[in-house]
Amino acid sequence: MSNGQYSSSLEPVISMSHLHRIYHLAGEDIHAVNDVTLDIWPQQMSAIVGRSGSGKTTLLNLIAGLDEPTEGEVWVLGRNLTQMNERQRLDLRLKQLGFIFQSFGLMPLLTARENVGVPLRMRSFAPGEREDRVMEALDWVGLADRAHHRPYELSGGEQQRVAIARALAEDPELVLADEPTGQLDTRTGRRILDLLRRLVEERGVTLLIVTHDPQVMAEADIVHELRDGALVETRIKEGVEVPGVA
């Protein structure tokens, strides 16, 4: 399931080169991201890990085009974010990226079906196609029978599955997930992680997760560890092939 706009298995989906993000606070320079260079390859589950304050969320914001680097470049789906204006970055986020958040990000007064349909409304999909995409996505995450329930009528795990369905309905090439298991108990987190793995294996999605969850670290194909804003280690799961790495 791919919209075909960027589908090269020989090029990274995300490429960062000597990336810096420096904040000036109380006369002091804070290096939230410090000279990070790394690639994220297609159709894999990659994780960026590190303690609180390590820079992983700042790095995710740079990848999403929600923040701009002080130095360096970020390429996403073959496009240089640092040479795009805000309207172009917004268009990229809307049409080619999916997002999954720790806090689920659901609108409390909307049903599951309506929440999943919000991004499709923003893209002006015709009602018939929008409804087909919404129900197909809810069925894929096993929540077709909960389509008319509002978030407060759903468990935490069900709310996160609605959030995954919302990302899936957009048919993204790349999904960015910020602590997607962070508010869930271990058992429910495992179920969500299994669903995210299916996104990669069955839908051909590239998944990048920011996390400190040991379950996610163990499941990910590649783990990039940050410390004080710098990349300190990359671990590749046995059997996973990465271009350019023997």
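Evaluated against (1) crowded, with 18+ Cβ neighbours inside 10 Å; (2) within 30 Å of P214 (Cβ to Cβ); (3) in contact with a Pro (Cβ under 8 Å, 6 or more places away or on another chain); (4) not acidic (D, E), H20 falls short on exactly one condition, (1). Within segment 27-68, being under 23 Å from F101 (Cβ atoms), at pLDDT 95 or above and not hydrophobic (A, V, I, L, M, F, W, C) holds for one residue alone: S46. Within segment 105-118, if we keep just the residues that are surrounded by 21 or more Cβ atoms within 10 Å (Cβ to Cβ) and among the hydrophobic types (A, V, I, L, M, F, W, C), the residue that is modelled with the lowest pLDDT turns out to be L106. Among all positions in segment 189-196, there is no residue which is under 18 Å from the mean Cα position of the chain (by Cα), closer than 26 Å to N61 by Cβ and of a type in the set (K, R).
Scanning segment 173-187 for residues that are of a type in the set (D, E), in a loop (DSSP other than H, G, I, E, B) and under 28 Å from L62 (Cα atoms) yields E173, E179.
Specify the residue that is nearest to R166 (Cα to Cα); the eligible residues are those in segment 110-128 that are of a type in the set (D, E, K, R) and in contact with a helix residue (DSSP H, G or I) (Cβ under 8 Å, 6 or more places away or on another chain).
The selected residue is R113.
Taken together, the residues in segment 69-94 that are over 18 Å from P12 (Cβ atoms), of a type in the set (D, E, K, R) and either touching a helix residue (DSSP H, G or I) at 6+ places or on another chain (Cβ under 7 Å) or buried (at least 16 other Cβ atoms within 10 Å of the Cβ) (or both) amount to 2. Screening L154, L174 for residues that are closer than 23 Å to T37 by Cα, modelled with pLDDT of 90 or more and buried (at least 16 other Cβ atoms within 10 Å of the Cβ) leaves exactly one candidate, L174.
A single entry from R113, R87, R79 fulfils the requirement of being charged (D, E, K, R) and touching a Phe, Trp or Tyr at 6+ places or on another chain (Cβ under 9 Å): R79. Scanning segment 119-140 for residues that are crowded, with 18+ Cβ neighbours inside 10 Å and under 24 Å from A64 (Cα atoms) returns P119, L120, F125, R133, V134, A137. If you go through segment 54-68 and keep only what is surrounded by fewer than 21 Cβ atoms within 10 Å (Cβ to Cβ), in contact (Cβ under 8 Å) with a residue 60 or more places away in the chain and part of a loop (DSSP other than H, G, I, E, B), you end up with just A64. The set of residues in segment 188-246 being at pLDDT 90 or above, of a type in the set (S, T, N, Q) and either surrounded by 15 or more Cβ atoms within 10 Å (Cβ to Cβ) or not in a strand (DSSP E or B) (or both) consists of T206, T211, Q215.
Somewhere in segment 36-48, is a residue assigned to a helix (DSSP H, G or I), touching a residue at least 40 places away in the same chain (Cβ under 8 Å), closer than 20 Å to L208 by Cβ and out of contact with any Asp or Glu (no Cβ under 8 Å at 6 or more places or on another chain)? Talk me through it step by step, then tell me what you get.
Of the residues in segment 36-48, the ones assigned to a helix (DSSP H, G or I) are none.
Within segment 36-48, not a single residue is assigned to a helix (DSSP H, G or I), touching a residue at least 40 places away in the same chain (Cβ under 8 Å), closer than 20 Å to L208 by Cβ and out of contact with any Asp or Glu (no Cβ under 8 Å at 6 or more places or on another chain).
Of the helices (runs of 4 or more DSSP H) contained entirely in segment 81-172, those carrying at least 2 residues that are among the acidic types (D, E) and over 26 Å from D194 (Cα atoms) fall at 86-96.
The values are calculated or read from the model by the stated rules, or taken from the named source; none is laboratory data. These numbers come from a predicted model, not from an experiment. Cβ: placed from backbone, ideal geometry, glycine included. Neighbour counts: every protein chain shown.
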